[in-house]
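The values are calculated or read from the model by the stated rules, or taken from the named source; none is laboratory data. Note that this is a predicted model, so its numbers are computed, not measured. Ideal geometry is used to build each Cβ from the backbone, glycine not excepted, and the neighbour counts take in all protein chains shown. These area figures cover heavy atoms from the full protein model, side chains too; ligands, DNA and RNA do not enter into them. Shrake-Rupley method; radii C 1.70, N 1.55, O 1.52, S 1.80 Å.
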Amino acid sequence: MLPPSAGLPLVPLVVLTSLLGAAVGSFLNVVIWCVPRGESVVRARSACPRCGTPIAVRDGIPAVSWVLLRGRGRCRAEPIRSRYPLVQLGTGLAFAAVTAWAGWSASLPAWLYLAAISIALAVIDVDTTQRLPDAIVFPSYPVVTPPTQWATSASR
């Protein structure tokens, strides 16, 4: 286990990274939807998957919007999959857990990146019957390999 830096409180960092994780989770929902379909995660505006109506900015926060709209879309009152807020909340919890484990370390961003892509890949894998996209998998190798090798050698 990697110890936190001496004298720096860990709780504020855990809270901050959990909020960051919720925001990243919101973006992961876009990644999970667009990447397997070959769509841009930058250019495309979020839209209802059933009717194509653009999602209003006020409805762009999955967990909050899902609760306020009672799990239904604003455009046609069709049910919204609970997966959207679960990905956002789950990413926030994963970031908090990783931060509590890694503490104030230089490798924390790489561990958070690994947590985020792991969530995206797991959900894409479930959705697409085990077809993981290279656009997510390949860039993760150079980001994750150095800190995991460092952590492994430091624990010996």
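Here the range 99-120 is the region considered, the condition is being open to solvent by 30 Å² or more (accessible area, probe 1.4 Å) and not in a loop (DSSP other than H, G, I, E, B), and the residue that is nearest to VAL14 (Cα to Cα) is ALA100. From ARG76, ARG58, which residue is at pLDDT below 80, part of a loop (DSSP other than H, G, I, E, B) and either of a type outside the set (Gly, Ala, Ser) or crowded, with 17+ Cβ neighbours inside 10 Å (or both)? Result: ARG76 is the single residue among ARG76, ARG58 that is at pLDDT below 80, part of a loop (DSSP other than H, G, I, E, B) and either of a type outside the set (Gly, Ala, Ser) or crowded, with 17+ Cβ neighbours inside 10 Å (or both). Out of LEU69, LEU16, one residue alone is over 16 Å from PRO85 (Cβ atoms) and either modelled with pLDDT of 80 or more or surrounded by 12 or more Cβ atoms within 10 Å (Cβ to Cβ) (or both). It is LEU16. Taking (1) more than 28 Å from LEU16 (Cβ to Cβ); (2) without any contact (Cβ under 8 Å) to a residue 12 or more places away in the chain; (3) among the small types (Gly, Ala, Ser) in turn, ALA122 satisfies each apart from (1).
Quick one: is ARG156 open to solvent by 80 Å² or more (accessible area, probe 1.4 Å), over 28 Å from LEU8 (Cβ atoms) and either of a type in the set (D, E, K, R) or at pLDDT 75 or above (or both)? Criteria not met by ARG156. For the range 87-94, check the following and say yes or no: at least one residue is assigned to a loop (DSSP other than H, G, I, E, B) and either at pLDDT 75 or above or more than 20 Å from the chain's Cα centre (by Cα) (or both). Looking for residues that are assigned to a loop (DSSP other than H, G, I, E, B) and either at pLDDT 75 or above or more than 20 Å from the chain's Cα centre (by Cα) (or both), one finds none in the range 87-94, hence no.
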